[in-house]
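Note sheet for the following structure.
The values are calculated or read from the model by the stated rules, or taken from the named source; none is laboratory data. Owing to the predicted nature of the structure, the values given are computational and were not obtained by experimental measurement. For neighbour counting, all protein chains shown are included, and Cβ atoms are generated from backbone atoms with ideal geometry for every residue, glycine included. Accessible surface is based on the protein model in full, side chains and every heavy atom, while ligands, DNA and RNA are left aside. Shrake-Rupley method; radii C 1.70, N 1.55, O 1.52, S 1.80 Å.
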Amino acid sequence: MLTLSVFLATLLYALLGIVVFVVSFVLVDKLTPGELWREIIERKNMAVALLAGAVAIGISNIIAAAVHG
């Protein structure tokens, strides 16, 4: 049954996961040579967009496994 404490814990873990994801993705962006967003948006570089998507999915999987326990 969904109680207030379960709902708040779920909300907290979701927010924590989003924060960790954003920080991790920004870190990956800073560690890669060049500027990812300029390559994707201005130059329409599909290879960089696929790389960024794969990195996002990988980071999300790691965070989900860590949060789930």
- [ ] Filter the range 21-68 down to residues that are in contact with a Phe, Trp or Tyr (Cβ under 7 Å, 6 or more places away or on another chain) and acidic (Asp, Glu), then give me how many there are.
- [x] 0
Open item on the list: Among (1) under 15 Å from the mean Cα position of the chain (by Cα); (2) at pLDDT 95 or above, there is one condition Met46 misses while meeting the rest; what is its number?
Closed with: (1)
Task: the range 39-59, residues that are open to solvent by 60 Å² or more (accessible area, probe 1.4 Å) and outside any helix (DSSP H, G or I) - done: Arg43, Lys44
Open item on the list: When you check Phe21 against the structure, is it surrounded by 13 or more Cβ atoms within 10 Å (Cβ to Cβ) and at pLDDT 95 or above, yes or no?
Closed with: yes
Open item on the list: Between Leu36, Leu31, Leu12, Leu4, which is more than 21 Å from Val67 (Cα to Cα) and open to solvent by 100 Å² or more (accessible area, probe 1.4 Å)?
Closed with: Leu31
